[in-house]
């Protein structure tokens, strides 16, 4: 608190949300389409959902508000993962600045606080979302360019998500209560963006006391019915206590 | 970006630094003493080092600047772990607001971005720091109250540090290149704030291929000389690749 130029300081603070949607086939991300004309050219490019934080609004509240306005989704767990205040982050390319002016956005530095979330958008659930017209799911693997520094934010979010998946039992929230080991492996493969060796995978799972086999198998399948497993939160919390193994 | 009250928005952004100092005996934190009079009472309380972010200054740069000004320390790795913008975070108690006014600090909402760092302050290194007169190391276990919401920020930083210690090889940076298993255990005990069972600890270490015994033992000690180990970053990076075990 040594700075004497307090009155010269004037930041705008925003939130940006990286909402990952998992559908068993691929990992998707929720993006907003911008349609605008700049220099005689029509642009239809993509950005992350976000908004400026309002006065007397908590950061987490602002992120939840943005998500609700765009998707109708409520009570989604949003995890803050970064604050970004690089001075030139909004004006790297001219058309981004032009777009900001066109919507009456301030041109001063905007510090943004980034959130991510991972939700299940399996076919039976996806139609229940009330997505705004310009908001859609896109496969993460197809995204090569976004407005502002949003490509970097998306990339950081993906790294964070993958680290979380390796160190916390977040994956189980995307699975049915009873799941097969093939489903569990598919989940890891889709989110990590890689293929895993089936034998190694099963060996590792056998070392997880909280992935518990139950006395029930698949029914009505043409292949050999696979055994169902459940995730035991109780066993997980018991076994991780006092653990210090950092070899994720 | 749907908000139409852009002109009404006016945030100040600060950084706050939680610098943990590890000295093998205990875990310490670097705090700044505030000396001021409010309502006829002299207050000498403590706060985290921090400052408002300057225009055209990156958040990381601001955190490094604060640390350098207070301690003379440079090139210390600071890790961002949270942004906090709770509307009433600075004015929960009257004397905090009074203090802000006395130093010419704005009274508007300040969104703060919190950083933490863990450094070795073993006796041979601690004297080299150029700490400012009002800046000192305090044992984390002794801190029960801090200004503003800094106690919560400290608590969050400690949780983050402990999670990191369990999931990443950050601890080895605080040890000598050659270390004994007793030293490694002590490090975990000090940072996690708990006692670990020696036999369990050694069993777990034996499952870490990157903690490699070398053909060398302690010398000139009165007890049975212990074997030295090294941390192999190469083995660590090789073994964690494609791993998905989240049981930290």
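Readers should treat all values here as calculations from the given coordinates under stated rules, not as data from a laboratory. Only a predicted model underlies this, so the values are computations on that prediction, with no experimental measurement involved. For neighbour counting, all protein chains shown are included, and Cβ atoms are generated from backbone atoms with ideal geometry for every residue, glycine included.
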- Message: Please list, by residue number, everything in the stretch B:53-84 whose backbone N is under 19 Å from a paramagnetic label point 7 Å out along Cα→Cβ of residue A:58.
- Response: B:81-84
- Alpha carbon Rg of the protein assembly as shown, scaled by the compact-globule rule 2.2 N^0.38 Å: 1.09
- For residue A:170 and residue A:186 in one chain, what is 0.36 nm times their gap in residues minus the Cα-Cα distance, to one decimal in nm? 4.3 nm
- Note on the structure: By Cβ neighbour count within 10 Å, fewest first, A:78, B:48 rank A:78, B:48
- Quick one: order A:98, B:173 by neighbouring beta-carbon count within 10 Å, fewest to most. B:173, A:98
- Task: State, to one decimal in nm and shortest first, how far the label point of residue A:170 sits from each corresponding label point in the other identical copies (label point: 7 angstrom along Cα-to-Cβ).
- Result: 1.7
- Based on the Cβ-Cβ distance of residue B:195 and residue A:77, what FRET efficiency does E = 1/(1 + (r/R0)^6) give at R0 = 51 Å, to the nearest 0.05? 0.90
- Distances over 13 Å make up what percent of all Cα-Cα pairs in the stretch B:170-240? 69
- Using Cα pairs closer than 8 Å and at least 6 residues apart in sequence, work out the relative contact order for the stretch B:170-240, in percent. 34
- Message: Tell me the angle of helix B:181-192 to the major Cα principal axis of chain B, expressed in degrees between 0 and 90 and rounded to the nearest ten.
- Response: 20
- Quick one: compute the contact order of chain A, relative version, from alpha carbon pairs under 8 angstrom and 6+ residues apart, as a percent. 21
- Task: Determine the percent antiparallel among the DSSP beta bridges restricted to the protein assembly as shown, to the nearest 5.
- Result: 70
- Message: Can you give me the Rg/Rh ratio for chain A, using Cα atoms for both radii and the Kirkwood formula for Rh?
- Response: 1.04
- Note on the structure: Distance in nm between residue B:95 and residue A:144 label points, each 7 Å along Cα→Cβ, equals 6.2
- Which of A:223, B:138 comes first, and how do the rest follow, when ranked by fewest Cβ neighbours within 10 Å? A:223, B:138
- Task: Can you tell me the 0 to 90 degree angle between the C-alpha axis of helix A:150-167 and the longest principal axis of chain A, rounded to 10?
- Result: 30
- Note on the structure: With a Förster distance of 45 angstrom and the Cβ-Cβ distance between residue B:234 and residue A:216, calculated FRET efficiency to the nearest 0.05 equals 0.50
